[in-house]
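What follows is a single structure, written as structure tokens, with notes after it.
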Amino acid sequence: MELAGVGAAPGIAVGPVWRYASSAAGRGRPSLDIRVAAELAAAELMALAGRVRASGRADDAAILEAQSLMALDPLLLDAIEARAKSIPSPGGRPMATGDRADALASIVEAVAGSTADTLAALPDETLAARAADVRDVGARIARIVTGRVVALPDQPAIAVADDLPPSVAAEIPDGQLLGVALERGSATSHAAILARGLGIPAVVGVRGLLAASASNIEATTVALDGDAGRVIFAPSSDELAALESERRDREAAGAKARSLRGQPGRTADGHAIELLANIGRVEDADRALEAGAEGVGLFRTEFLFVGRSGAPTEDEQATAYRKVFAAFGERPVVVRLLDVGGDKPLPYLRLAAESNPFLGIRGVRLAGEHRPILLTQLRAIARAGAGLASVPRVMAPMVATLEDVDRFRSMVDEAFADLDRSGIERAAHFELGIMIEVPSAAMMAAELARRVDFFSIGSNDLTQYVLAMDRTHPELAAAADALHPAVLRAIRMTIDGARAGGIEVAVCGELAGDRIGSLVLAGLGIAELSMDAGRLDAVRFELQQRSFAELEQLAAAALAAGSAQEVRALVRPAR
Ligand code: PEP
Ligand code: MG
């Protein structure tokens, strides 16, 4: 029996089923003091974080450390204790220990659940993922309260679950988890990130998975294809043979693609397409360099600002930017101005609630009321750029009007003047760029191109604004495809405007790392593609299989198509 989902971590795995449900657990000794249970949960999570960190998975460890702090959150514990006072005592007699533990556990899960619901309602993927973490912390405390324990797999197996919290996955000994199939989750959920970190396949958002698992309860083997998003219960010997040959083909293609590392991006006939990496943290620089990035096309600096109680200081930021500049030497690094607000709130910025956050105060629009935080950042970048071999490239997100650019430029001038007044060394100048991610900017590309040094197309936001489809909306995810001809026509307009102004255009949204997207963009005339470092090998390889004339023909056909599906059908499947 085969089910379809979203491929969230690549690879093929076949193995025994391990069915995980947070409620299915054996019973041990209850612990009725909520503070003691919370402290135990926090200690368990910290110990798991230490183990995971020691195995080199810093990202997963950070999630567990954050969860350990959540377990001790006084607001959470106060709310639980307040509600626990209302646990009834039948006939004035104390409740049986087991019943009281169950009642307390329900309260813990309800309080954690309502905190999680509040987070999940925010239209931001990072915060939505945190909602799952809060729920998971609640489930762990509840297990301790009732004395339940999760039965871990006793042999290498594939997890089949509604959702698999990272904290449970971390308890599974190394090598025992072969793959993950989830009814819920998205490609950006923590379970997906975890699977990618472990190098095991994951298929998420598989509707009907739990029902299928329950009706195939005697199916002891399951196969996963994390590239194609397939889950097969009790695969036949033909299916297994086909999967094995697919796995070998992919391995060979992957090895061929990896062998091109170190070569610059180009088409078969030598037309150069620069391949750069998107990074979010200083530590990502090494992974990008290892993958052969020719520079950084997008440094999402907001990662320096989130998950803390106040903004990083000018010194802290200057140190971080300097490290990235130093790692890339003469290769270009594009630093993006803080892109928060609206859908990505920063608690300490105290932004007003908005009914349409994606259309509100976000990105460069913070230059109004929140100019100081952007000025500090610009000073830090200018300081980090002092004495560099290359000129720092700085770009503003969410530019919609010419006035946005004027405001951006005036902030840069002010930051430079501030440093000069204090006699602090700085970069002599910046190359100033803007992201083209709002339809008005694509339409005004020629005018904008006269005011800046480069464009970088943010295809993620451009798609949501061109198609009027919220990028975080689960039901619109499949339709919000950046290869829609309407988006490609907006990109065409942008390229034409940039050419008229004599400036370069890069693309740094997900489309740049998409197999078909990269080919279409190169054919449209984009000479710089910036993507997750994990996509560089595949894109470098695909470009080298085709002449530039072929890509131009592909782009012309894509522009004339009627839908994203038609565009995708223009390119043969890999191999
Ligand atoms: C984009 O919108 O395409 C982009 C690169 O920016 P972000 O995904 O960070 O909004
Ligand atoms: Mg964007």
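The values are calculated or read from the model by the stated rules, or taken from the named source; none is laboratory data. Keep in mind it's a predicted model, so treat the numbers as computed, not measured. All Cβ positions, glycine included, derive from the backbone under ideal geometry; neighbour counts span all protein chains shown.
Of note:
- Of the residues making up region 367-383, those that are charged (D, E, K, R) and more than 14 Å from ALA427 (Cβ to Cβ) are GLU369, ARG371.
- Restricting region 487-506 to residues that are surrounded by 23 or more Cβ atoms within 10 Å (Cβ to Cβ) and closer than 19 Å to MET469 by Cβ leaves a set whose member that is farthest from ligand 2 (Cβ to nearest atom) is LEU488.
- Among the residues of region 360-389, the one identified as at positive phi and within 27 Å of the chain's Cα centre (by Cα) is GLY363.
- Every residue from region 267-286 that is touching a strand residue (DSSP E or B) at 6+ places or on another chain (Cβ under 8 Å) and surrounded by fewer than 18 Cβ atoms within 10 Å (Cβ to Cβ): ALA272, GLY280
- Looking only at region 395-425, and only at residues there that are in contact (Cβ under 8 Å) with a residue 24 or more places away in the chain, out of contact with any Gly (no Cβ under 8 Å at 6 or more places or on another chain) and part of a loop (DSSP other than H, G, I, E, B), the one that is farthest from ligand 1 (Cβ to nearest atom): ILE424
- Within region 155-185, being touching a Pro at 6+ places or on another chain (Cβ under 7 Å) and among the small types (Gly, Ala, Ser) holds for ALA157, GLY175, GLY179.
- Cβ-Cβ under 8 Å pairs, at least 6 apart or on other chains, region 458-474 side within 9 Å of ligand 2 (Cβ to nearest atom), far side outside any helix (DSSP H, G or I) and among the β-branched types (Val, Ile, Thr): GLY458/ILE436; SER459/VAL507; ASP461/VAL438; LEU462/ILE436; LEU462/VAL438
- For region 231-338, the strands (runs of 3 or more DSSP E) that sit wholly inside it and include 1 or more residues that are within 24 Å of the chain's Cα centre (by Cα) and under 19 Å from LEU374 (Cβ atoms) are 296-300, 333-336.
- Index of the failed condition, GLY562 passing every other in (1) in a helix (DSSP H, G or I); (2) modelled with pLDDT of 95 or more; (3) not basic (Lys, Arg): (1)
- Options ILE34, ILE87, ILE12: the member that is under 25 Å from ASP117 (Cβ atoms), surrounded by 13 or more Cβ atoms within 10 Å (Cβ to Cβ) and either without any contact (Cβ under 8 Å) to a residue 60 or more places away in the chain or under 26 Å from the mean Cα position of the chain (by Cα) (or both): ILE87
- Matching residues in region 339-382 - criterion: being within 16 Å of ligand 1 (Cβ to nearest atom), out of contact with any Leu (no Cβ under 8 Å at 6 or more places or on another chain) and of a type in the set (Asp, Glu): ASP339
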